[in-house]
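Input: a single structure, listed below in structure tokens.
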């Protein structure tokens, strides 16, 4: 078995073993805590509903309900803390792996993008490649958002829930993002490169890297030393990546065990319809993207998808696009994409081309509206699509990032933020699929831009066997 295939096998094995262990833990080890949390949630919902119906806040009934609500919230908090404590050894495995990946991603993006831009050469070449790249990104983003919008209107998965509008006091714990142009612009341009690196703000790192790479190319021979230095740095970090990736199966095992232990297998049946319809829509998006890729790349698109199975499985298992970044870069170069194109397009894709996340945003936002019986007209849905097109740019490729953007967007349309509670429980399962979709989308984007630039060569078979 080849080394790459061995890693894929162990990741799949860890996935299965994690589900089995998670089920055992859910039933035997933390069953008491799960039951306690479920009972507390029922008490909270009941108290919220009764409080909403009361108009007089001075009565003893109101005070008793407030006491009941406070008691239930405290019980839920204590049970969740005890559950987290018992699952801590498992969650540590995935936390360590994701920390190691985040440790690598920022310097890898910076070094590879600087080298990629500098190798491209003058500003005109950078602009030409950037224009082609953004053409694909915008087209793929619109395709993802529109497909999600169409399919959620066809399936209408939220209608059968018939939920009453929640009380204003309900808190999901998800911080909303303010839809502010000033905040959006501030998020793009870094005030400190050190801060951007420390907080893994990929979009800000990309902006600084573009300026740095163009300036390096502009100074001519003196810039060659800088290019060689960062090229060496990139190779060192990729070598580090090889070491870190050996830990991936343990991380997958820990993450899956913890998710199933908390939610149980029942979460799959409770939301089976919604999950099934979302994954069907996501596979439809895969098919459309691959079909478009076929018209540009020909039959080689199938080879590209085959090569991306390991990065996609890794992104799926960890629910993080960032976790698959180094492997995606490596496989694209083996496919035949030139290093300078990969180093330029792929980092941009992690800020501007998160196809799976955007598909989920329209699907999830309208699902919440349908669940509460809130009708959004055609004009409102198109407005929501355009808002999501803007706010999704620069979103981090990490778990639950999409929920933050959704929280800010649905508030604009007076959709209750409490509706996010419908998704929080199953979000890890959905995040897996959209993270894998982000990997496939960015891989196709890089290969297509390479083809348009005439920089796509044959795969390096010798290197692939090493």
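No value in this document is a laboratory result; all are computed from the given coordinates. Quick caveat: nothing in here was measured; it's all calculated off a predicted structure. All Cβ positions, glycine included, derive from the backbone under ideal geometry; neighbour counts span all protein chains shown.
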Q) What per residue convex hull volume, in Å³, comes out for region 225-373 when only alpha-carbon positions are used? A) 144 Å³
Q | Degrees between helix 123-155 axis and first principal axis of the chain (Cα, 0 to 90, nearest 10) | A | 30 degrees
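Using helices alone, I'd like the mean residue ellipticity at 222 nm for the chain: each DSSP H run of four-plus residues gives -39500 (n - 2.57), total over residue count, nearest 500. Kindly include the intermediate steps, with their values, before the conclusion.
Details: 21 runs with 362 residues, N = 466.
Estimated from H runs of four or more residues: -26000 deg cm²/dmol.
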(Q) Given all pairs of different Cα atoms, what value in angstroms does the Kirkwood hydrodynamic radius of region 1-118 take? (A) 18.9 Å
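Tell me, 243, 24 in order of fewest to most beta-carbon neighbours within 10 Å?
Numbers: 243 10, 24 13.
If I rank by nearby Cβ atoms, fewest first, I get 243, 24.
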Q.
Starting from the 7 Å offset along Cα-to-Cβ, what nm value, one decimal, do you get for the label separation of residue 232 and residue 291?
A. 5.0 nm
Q | Theoretical FRET efficiency, 1/(1+(r/R0)^6), r = Cβ-Cβ of residue 218 and residue 68, R0 60 Å, to 0.05 | A | 0.30
Q.
Please report Rg (one decimal) and Dmax (integer) in Å for the Cα set of the chain.
A. 23.5, 81
Q: Label region 98-150 by shape, choosing from rounded, prolate and oblate, from the square roots a ≥ b ≥ c of the eigenvalues of the Cα gyration tensor; if a/c is under 1.5 it is rounded, and otherwise prolate applies when a/b is larger than b/c, oblate when it is not.
A: oblate
Q: With the Cα gyration tensor of region 302-367 in hand, give its eigenvalues times 5 under a square root as the equivalent ellipsoid semi-axes, listed largest first in whole angstrom.
A: 24, 14, 11
Q | Span from the region 91-139 Cα centroid across to the region 297-361 one, whole angstrom | A | 11 Å
Q | Rel. contact order, % - alpha carbon contacts under 8 angstrom, at least six apart, the chain | A | 28 percent
